[in-house]
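Engineer: Sharing a structure here in structure tokens format.
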Amino acid sequence: MTAIESLTLEVPDPAAATAFYTGFGLTDQVRVRATEAPTSGFRGFVLSLVVSQPSTVDALVGAALAGGATALKPVKKSFWGYGGVVQAPDGTIWKVATSAKKDTGPATRRIDDLVLLLGVADVKASKQFYLDRGLAVAKSFGSKYVEFATPASSVKLALYGRRAAAKDAGVSPDGTGSHRLVIGSAAGPFTDPDGFTWAA
């Protein structure tokens, strides 16, 4: 079983990014390091925080906005639950959501799951690429969406078509240059078909 041990975001200002992610409550799985690699537009991935109730969504999104994030999709109720999307000052897109529509207790900032959603050119081809590297599928919806089974990992991995991922995040799918993301795992090192880098 392949586990994602860490995510490293490549940022222009590591001190500012560290302060933001500390305030956002994400210092265990998310690391930062300096880069000036050119990048523009959608970087091809979204990081999702899955939480237990709406008040936790509000607390996390509020902390992100207070730390300098920009709202891409305001927090609201939907058919699926409750959530919103923000963009960190370093450009990383974060979705914060819950399937619950009502609070069941006091507000917390506890994160139940961290999901790395890769927006890929060809979901079937990328799915096969990851199956060949030892991952197992937990959920699959044809050529639209795949979630891998990573029970030993603190980070879940999912694939979505690039256009669909961008639409869900509230941004244009256009983008070029570096993803500014390194996925830390015993499965690495390799680069996937969409240019995402995995490091040992």
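The values are calculated or read from the model by the stated rules, or taken from the named source; none is laboratory data. Since this is a predicted model, take the numbers as computed values, not measurements. When we count neighbours, we look across all protein chains shown, and the Cβ atoms used for this are built from the backbone with ideal geometry, even at glycine.
Engineer: Could you tell me whether segment 134-142 includes any residue that is in contact with a strand residue (DSSP E or B) (Cβ under 9 Å, 6 or more places away or on another chain), loosely packed, with under 15 Cβ neighbours inside 10 Å and over 30 Å from V75 (Cβ atoms)?
Structural biologist: Yes, the conditions are met somewhere in segment 134-142.
Engineer: Do we find that K73 is free of Cβ contacts under 8 Å to residues at least 60 places away in the same chain, of a type in the set (K, R), within 28 Å of A138 (Cβ to Cβ) and surrounded by fewer than 22 Cβ atoms within 10 Å (Cβ to Cβ) in this structure?
Structural biologist: no
Engineer: In this structure, is K156 more than 26 Å from E36 (Cβ to Cβ), in contact (Cβ under 8 Å) with a residue 12 or more places away in the chain, under 14 Å from the mean Cα position of the chain (by Cα) and buried (at least 16 other Cβ atoms within 10 Å of the Cβ)?
Structural biologist: When the stated conditions are applied, K156 passes them.
Engineer: To continue, here is another question. Checking S78 against (1) surrounded by fewer than 14 Cβ atoms within 10 Å (Cβ to Cβ); (2) at pLDDT 95 or above, which test does it fail?
Structural biologist: Of (1) surrounded by fewer than 14 Cβ atoms within 10 Å (Cβ to Cβ); (2) at pLDDT 95 or above, only one is false for S78: (2).
Engineer: What residue, among those in segment 131-164 that are at pLDDT 95 or above and hydroxyl-bearing (S, T, Y), is farthest from G23 (Cα to Cα)?
Structural biologist: Selected residue: Y145.
Engineer: A further question follows. Give G105, G67 a once-over and let me know the one that is within 22 Å of V171 (Cβ to Cβ), modelled with pLDDT under 95 and surrounded by fewer than 20 Cβ atoms within 10 Å (Cβ to Cβ).
Structural biologist: G67
Engineer: Give me the pairs: first residue in segment 130-143 and touching a residue at least 40 places away in the same chain (Cβ under 8 Å), second residue β-branched (V, I, T), beta-carbon distance under 6 Å, and six or more apart or on different chains, which are they?
Structural biologist: G134/T2; L135/T2
Engineer: Further question: Any idea which of V96, V86 is without any contact (Cβ under 8 Å) to a residue 40 or more places away in the chain and either surrounded by 21 or more Cβ atoms within 10 Å (Cβ to Cβ) or on the phi < 0 side of the Ramachandran plot (or both)?
Structural biologist: Among V96, V86, only V86 is without any contact (Cβ under 8 Å) to a residue 40 or more places away in the chain and either surrounded by 21 or more Cβ atoms within 10 Å (Cβ to Cβ) or on the phi < 0 side of the Ramachandran plot (or both).
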